[in-house]
Amino acid sequence: MTNSILALCRHAPYGTTFAREGLEAVLACAAMDQIPEVLFINDGVYQLLAQNPQAIAEKSLYRNLQALPMFGVERIYICQRSATERGLALSQLQLTGADVQLLEDPGSLIRRFDQVLSF
Amino acid sequence: MTLHIVNQSPHAGSALRDCLNAFAEGDALLLIEDGVYAAQEKAPLELPENDVFVLSADAEARGIAIAPDLTAIDDLRWVTLCVEHTPIVSWFR
């Protein structure tokens with residue numbers, strides 16, 4: 001019986017390693033045929049903004065995020081409140097190849113899973 | 001239902017506020033470590049009416065009196081809570 005897994009991505013990219021570690025964990029799970037669902041919430045929504053981190057000598061997290069659909073994560077969720085609080089429109093938070101869904105009530109999504117990994 | 005665990009002071013970060021924003025009816029909240037600073041009588045954030053648990057060892061260690069409407073628990077009860085709830089979500093940073 002496979003467990004359903006949700007990755008809760010709560011942190012902005014670059015400032016800490018949470019975003020990258022979270023993405024690597026999601027891709028690792030997906031590679032083992034345990035395809036998690038992903039919810040970007042709180043500062044995690046910033047991970048979906050267009051980025052250009054060459055100036056701080058960092059690899060683009062956004063580019064690596066684009067691997068998600070190839071690994072089977074076809075749908076990603078974004079917390080509506082988190083985006084609005086930060087003045088971000090859905091149009092700015094797109095991910096090519098993935099169906100991006102704005103979520104009004106993250107609590108009801110979270111409780112549907114067996115396991116929740118927070119990053 | 002979901003068990004949310006918060007170990008950050010409500011005055012030091014957004015973990016508790018973020019958790020409460022993702023809290024659904026019927027979920028449970030457990031305050032441990034610095035999270036117990038939210039368990040005082042005049043806490044900065046309004047906690048849910050019921051199913052709010054506080055680890056008494058952490059509160060005692062920090063000289064925090066747990067508000068009477070919250071439930072003080074020990075480690076054993078914590079384990080039971082984890083068994084009774086799925087999933088468990090950690091709001092640690």
(request) Would you mind giving the average projected area, over all directions, of the Cα convex hull of the range B:3-91 in nm² with one decimal? (result) 5.1
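If the only charges are +1 at each Lys and Arg Cβ and -1 at each Asp and Glu Cβ, what is the size of the charge dipole of the range A:5-118 around the Cα centre, to the nearest 20 debye?
200
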(request) Among the GluC sites (Glu not before Pro) in the range A:23-83, which ones are in a DSSP loop with at most 13 other Cβ atoms within 10 Å of the Cβ? Mind listing them? (result) A:58, A:74
(message) Given the DSSP H assignment, sum -39500 (n - 2.57) over each helix run of at least 4 residues in chain A and divide by its residue total; what's the result at 222 nm in deg cm²/dmol, nearest 500?
(response) -6500 deg cm²/dmol
(message) Loop only by DSSP, 16 or fewer other Cβ within 10 Å of the Cβ. Give me the trypsin sites (Lys or Arg not before Pro) in the range B:1-91 that pass, ordered by residue number.
(response) B:42, B:62
(request) Report, largest value first, the span of the C-alpha coordinates of the protein assembly as shown along each principal axis, in whole Å. (result) 51, 42, 29
(message) Can you work out the Karplus-derived ³J(HN,Hα) for every residue in the range B:77-93? Use 6.51 cos²θ - 1.76 cosθ + 1.60 with θ = phi - 60°, whole Hz, and x for glycine or proline.
(response) 5, 4, 4, 4, 4, 5, 6, 7, 10, 9, x, 10, 10, 9, 10, 9, 9
(message) Could you tell me how many cubic angstrom of Cα convex hull volume the range A:5-118 has per residue?
(response) 94
(request) Please average, across the residues of B:16-26, the number of beta carbons from any other chain that are within 10 Å of each residue's own beta carbon, and give a whole number. (result) 5
(request) Starting from the amide H of residue B:54, placed 1.01 Å from N in the peptide plane, find each other amide H under 5 Å away whose residue is 5 or more places distant or on another chain. (result) B:31, B:71, B:72, B:73
(request) Would you order A:118, A:60 from fewest to most other beta-carbon atoms within 10 Å of each residue's own beta-carbon? (result) A:60, A:118
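Every read-out reported here was derived from the displayed coordinates using simple, explicitly stated rules and does not represent laboratory data. Predicted model, so just to flag it, every value in this text is computed and none were measured. Positions of Cβ are backbone-derived with ideal geometry, glycine not excepted, and every protein chain shown enters the neighbour counts.
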